[in-house]
Every structure is written in structure tokens, then in C-alpha cells.
Amino acid sequence: MDHDHEFVIIGAGIVGAATALELIRRRPKARIRVIEKESSPASHQSGHNSGVVHAGVYYEPGSLKARFCRAGVEATRAFCREHAVPYRTTGKLIVATTPAERNRLDALLERCRANDLEPRLLDGPAIRSLEPEVTGLAAILVQESAITDYPAITRAMLEEFRRRGGEARLGTEVTGIEERSDGVRLSLGGRSLETGRLIVCGGLQADRLARLQGLDIPFRTVPFRGEYFRLRPERSNLVAHLVYPMPDPSLPFLGVHLTPQIDGSITVGPNAVQGWKREGYEKYSFSLPDTAEMLRYPGWWKLAGRNLGAGIREGWNSAWKRGYLKQVRKYCPGLELEDLLPHPAGVRAQAVDHDGRMIHDFLLERSPRTLHVGNAPSPAATSAIPISRHICSVALEDSDRGQA
Ligand SMILES: Cc1cc2nc3c(=O)[nH]c(=O)nc-3n(C[C@H](O)[C@H](O)[C@H](O)COP(=O)(O)OP(=O)(O)OC[C@H]3O[C@@H](n4cnc5c(N)ncnc54)[C@H](O)[C@@H]3O)c2cc1C
């Protein structure tokens with residue numbers, strides 16, 4: 001096969017953009033192209049998130065997630081400095097408001113230490129003196145947490161990739177992937193393109209792109225909406241730190257939190273409710289094909305059965321603004337309904353295995369000439385640079401080993 005390119009990367013979210021830049025740094029003479037179906041980068045998860053640079057509090061010590069997150073803080077800060085992207089270290093409070101949460105706080109404190117952080121434990125008065133609007137029995141203060149502008153980072157990565165000779169083709173959807181012994185043929189609507197190797201960073205479409213190629217993958221991508229509010233401008237000095245509740249052990253998400261944004265506003269959220277459309281951001285977005293595909297997957301039924309209570313609770317709080325507010329008032333009692341203004345939602349791509357278990361760690365699927373990012377859940381925006389280094393090492397090792 002005569003290749004148009006040595007490498008093609010599908011997806012110009014932050015993971016695809018970071019991977020393209022890392023690859024061209026390592027192989028400056030290679031012909032490398034990024035293909036993105038939307039007309040601008042970071043149109044999906046990378047542009048609809050909380051904007052938090054996570055310090056690595058929660059993750060299983062030694063997991064890829066924990067390692068990449070720790071390395072990601074430093075790498076993101078350095079990238080922002082170099083490319084004049086705003087980055088602000090705010091610190092983060094994780095607040096326990098009930099005796100049961102207070103008991104769990106100690107285990108979280110240990111987890112922070114196991115992840116090489118140096119957290120401080122605060123009692124109620126210490127919380128108040130740091131954040132007068134926040135109340136709790138105790139809290140963990142993590143100094144390293146920060147905020148940034150992930151769409152700006154993604155754009156800066158693509159700009160540098162192009163400056164180094166890479167090609168990025170936006171507004172082009174990959175509709176077919178055919179792997180052969182001597183290369184990979186991609187269908188782009190009516191046209192086709194040949195590449196030596198393919199890296200797929202497809203976010204919410206990760207499972208579909210793998211199956212388009214005929215890979216037998218052990219998961220499906222399930223969409224979880226994350227709905228936000230924005231505080232009215234008069235309340236934008238409410239808190240200076242990121243303020244999180246103690247995570248609910250029955251949910252894999254972090255709980256509705258107060259997040260100062262890089263533009264000076266504060267968001268409240270996100271919650272975690274079942275999505276019925278993978279790329280649907282409007283309230284009550286629904287796609288028949290997306291929903292039918294999900295309902296045909298036995299893993300989804302097992303997941304739904306196991307999390308029915310939490311699912312109903314989150315759904316109720318999504319539909320009922322007062323219920324949503326109640327979650328925040330546990331640690332910030334001064335907030336009122338009229339403080340919450342509308343703000344766009346995000347949709348998380350969550351890989352779920354055939355037994356209905358959410359896959360929490362970063363996951364790669366490989367074939368001789370392709371590498372698919374199967375799961376890149378939060379904090380993959382924080383970790384995008386270390387993830388990209390890992391992806392490039394694996395892809396180039398495969399290539400050098402003569403699988404090419
Ligand atoms: C509500 C929410 C809050 C979050 N908060 C944080 C946070 O504060 N901090 C943090 O670190 N992480 C956070 N995350 C997680 C983080 O945003 C994601 O893990 C990260 O953005 C994933 O990046 P990605 O490049 O893999 O996916 P995406 O950004 O979704 O990019 C995938 C790209 O692939 C493209 N694509 C798909 N199919 C095709 C095709 N057939 N042809 C061409 N292109 C295609 C899509 O159009 C898309 O642009 C959050 C996520 C959500 C949803």
C-alpha cells in the first residue's frame with residue numbers, strides 16, 4: 001500500500017492534539033495528519049468540562065490514572081507557561097459535612113499521602129477562616145489543584161503541531177477503517193486515505209471507531225451527562241478555592257462542586273445523570289440510535305440494575321433545581337435558587353464492560369497497525385500530556401518492532 005501518511009490521528013480533543021504534538025516532536029520528519037469531524041478542536045469533552053487541573057487525590061495509587069495525573073499537573077503548568085495559556089493554582093477543599101463523611105475523610109487523607117500529596121486537615125473553624133461561606137465538620141486542603149482553559153490548550157497544541165509541519169484536517173469525519181497487512185485505509189465520506197499507522201482518540205465515539213475497524217472490544221462507551229449552573233455575577237467572589245463535597249462511594253464521579261473558572265465566574269456542578277445522546281448538550285437531549293444501541297448492550301442493563309438508587313436520585317436532582325441546590329447547600333448554606341444561572345452541560349464518555357462495571361482506568365486497545373484510546377475518563381484533560389507520551393511510546397514501539 002502506498003501511504004499518504006505515516007501516522008493519522010483521529011480526534012482533535014485534548015488527547016488527540018497532545019498525541020499529535022508529541023508524535024511530531026519525536027518523529028519530526030514523519031508525515032502526520034489529525035482528522036477531526038467537527039469544525040473546531042475541543043468541541044466535545046475537552047471543551048465541556050470543569051476546567052480543573054486535578055492534583056491526583058482520589059485515584060488508586062500506582063494506577064495509570066494516578067501516575068498520569070501527578071505528572072500531568074507539572075506538564076500542564078509548563079505547557080501553559082510556554083504558550084501563554086492562563087493557569088491559576090487555587091487549591092482545593094474537600095469538605096465532610098456528616099459524621100459518616102468525617103470518618104471517610106481519614107481514608108481519603110491517607111490516599112492523598114499515598115499519591116505523594118501533602119494535604120492539610122482542617123477543622124470547622126479553620127474551614128470558616130479560609131472560606132467564610134463554607135461550613136463542614138472537617139476538610140482536606142490540597143494546595144496543588146488549579147484551573148485552566150482546556151480548549152485554549154488544545155488549540156495551542158494543534159497550532160504547534162502545524163508549525164512543526166503536521167497537518168490537521170477539521171470538519172472531516174472518518175466513516176470507515178480497514179486494516180490490512182501493509183497499512184490502514186480510512187474512508188472519509190466519498191474519499192479515502194492510506195496511512196501506515198493509526199491512532200484513535202475518539203472520546204464519546206471510542207467504541208464505535210474500534211468496532212468500525214472490526215475489533216472485538218471488551219466494553220462499550222456509555223454517555224453520562226454532567227449538568228452545571230453558573231453563579232450570578234454578584235456571587236462570583238463566593239469562594240477562592242475549588243470546593244468539593246466528600247465523594248459518594250456509590251458514584252464514580254466527584255459530586256457537585258464549586259469551581260472558580262479562569263474567566264472569573266464560578267460554576268456549580270457537574271452532577272452525573274444518564275445521557276440519552278452521546279453528543280447532546282441540551283437539557284433532555286435524546287437520540288434514538290444512541291439509546292437503542294445502549295439498550296441492546298447487556299452491560300448497560302447490569303450497570304443500571306446495580307446503580308438504580310443512585311441513578312434515580314441523580315435524575316431527580318437534575319429535573320428538580322431545588323434538589324440540585326440542596327447538594328451544594330450541605331457545604332455552602334448561603335446559596336439561593338436565584339444564584340444559579342444556566343450553564344452548558346458536558347457529556348462524559350464512560351467505558352462499561354460486559355459485566356456492567358465502569359472501567360475507571362485509562363484503557364488502550366491495539367491491533368498490529370492501530371492503537372485506540374478506549375477509555376480516557378476524568379482527569380484525562382489534566383493528564384493529556386503524560387497520556388500522549390505513553391501513547392506515542394506504545395505506538396512507536398509497535399512500529400519499530402517491525403509490525404509496520
Ligand atoms: C462534565 C465533564 C467534566 C470534566 N471535568 C474535568 C476536569 O475538570 N478536569 C479534567 O482533567 N478532566 C475533566 N473531564 C474529563 C476530560 O474532559 C476528558 O477526559 C478529556 O477531555 C477527553 O479528551 P479526548 O480527547 O479523549 O475526548 P474528546 O474531547 O471528546 O475528543 C474526541 C474527539 O474525537 C472526535 N471524533 C469522534 N469520532 C470521530 C470520527 N469518526 N471522525 C473524526 N473525528 C471524530 C470528536 O469530534 C472529538 O473532537 C471532564 C469531562 C466532562 C464531560
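The values are calculated or read from the model by the stated rules, or taken from the named source; none is laboratory data. Because the structure is a prediction, the values reported are computed rather than measured. Ideal geometry is used to build each Cβ from the backbone, glycine not excepted, and the neighbour counts take in all protein chains shown. What goes into the accessible areas is simple: the full protein's heavy atoms, side chains included, and nothing from ligands, DNA or RNA. Shrake-Rupley method; radii C 1.70, N 1.55, O 1.52, S 1.80 Å.
Scan Leu121, Leu93, Leu64, Leu109 and give me the residue that is within 22 Å of Arg25 (Cβ to Cβ) and either away from the ligand (no atom under 13 Å from the Cβ) or open to solvent by 10 Å² or more (accessible area, probe 1.4 Å) (or both). Before you say what the answer is, go through the steps one by one.
Working: Leu121 fails: within 22 Å of Arg25 (Cβ to Cβ); Leu93 fails: within 22 Å of Arg25 (Cβ to Cβ); Leu109 fails: within 22 Å of Arg25 (Cβ to Cβ).
Result: Leu64 is the single residue among Leu121, Leu93, Leu64, Leu109 that is within 22 Å of Arg25 (Cβ to Cβ) and either away from the ligand (no atom under 13 Å from the Cβ) or open to solvent by 10 Å² or more (accessible area, probe 1.4 Å) (or both).
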Yes/no for Arg88 being in contact (Cβ under 8 Å) with a residue 60 or more places away in the chain and crowded, with 17+ Cβ neighbours inside 10 Å
no
Subset of segment 173-209, residues among the polar types (S, T, N, Q), farther than 19 Å from Pro368 by Cβ and either open to solvent by 50 Å² or more (accessible area, probe 1.4 Å) or more than 9 Å from the ligand (Cβ to nearest atom) (or both), comes to Thr175, Ser187, Ser192
The correct count of residues that are open to solvent by 10 Å² or more (accessible area, probe 1.4 Å) and in a helix (DSSP H, G or I) in segment 124-159 is 11
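Can you tell me which residue in segment 237-255 is most open to solvent (accessible area, probe 1.4 Å), limited to those that are more than 18 Å from Arg128 (Cα to Cα) and out of contact with any helix residue (DSSP H, G or I) (no Cβ under 6 Å at 6 or more places or on another chain)? Can you show your working first?
Residues of segment 237-255 that are more than 18 Å from Arg128 (Cα to Cα), as a first pass: 247-255.
From the residues that got through so far, the ones that are out of contact with any helix residue (DSSP H, G or I) (no Cβ under 6 Å at 6 or more places or on another chain) too are 247-249, 252-255.
Values: Pro247: 27, Asp248: 51, Pro249: 104, Pro252: 52, Phe253: 29, Leu254: 36, Gly255: 26 Å².
Checking each candidate, the answer is Pro249.
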Expected single match for closer than 26 Å to Val52 by Cβ, surrounded by fewer than 17 Cβ atoms within 10 Å (Cβ to Cβ), more than 11 Å from the ligand (Cβ to nearest atom) and basic (Lys, Arg) among Lys321, Lys330 is Lys321
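How many residues, within segment 363-383, are more than 7 Å from the ligand (Cβ to nearest atom) and open to solvent by less than 20 Å² (accessible area, probe 1.4 Å)? Show your work before the answer.
In the first step, residues of segment 363-383 are kept if they are more than 7 Å from the ligand (Cβ to nearest atom); the result is 363-372, 374-375.
Checking the rest, the ones that are also open to solvent by less than 20 Å² (accessible area, probe 1.4 Å) come to 367, 369-372, 374-375.
Residues meeting the conditions: 7.
Would you mind stating whether Thr172 is over 22 Å from the mean Cα position of the chain (by Cα), within 30 Å of Gly202 (Cα to Cα) and of a type in the set (Val, Ile, Thr)? Write out each step before concluding.
Working: over 22 Å from the mean Cα position of the chain (by Cα): yes; within 30 Å of Gly202 (Cα to Cα): yes; of a type in the set (Val, Ile, Thr): yes.
For Thr172, the condition - over 22 Å from the mean Cα position of the chain (by Cα), within 30 Å of Gly202 (Cα to Cα) and of a type in the set (Val, Ile, Thr) - is met.
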Note: among Arg191, Arg169, Arg163, just one is out of contact with any Pro (no Cβ under 7 Å at 6 or more places or on another chain), of a type outside the set (Phe, Trp, Tyr) and over 18 Å from Lys37 (Cα atoms), namely Arg163
For segment 56-82 the number of residues that are modelled with pLDDT of 95 or more and over 20 Å from Cys201 (Cβ atoms) is 7
Among residues of segment 1-44 being within 21 Å of Asn375 (Cβ to Cβ) and of a type in the set (S, T, N, Q), the residue most open to solvent (accessible area, probe 1.4 Å) is Ser43
Here the residues within segment 36-61 that are free of Cβ contacts under 8 Å to residues at least 60 places away in the same chain and either among the acidic types (Asp, Glu) or near the ligand (Cβ under 6 Å from one of its atoms) (or both) are Ser43
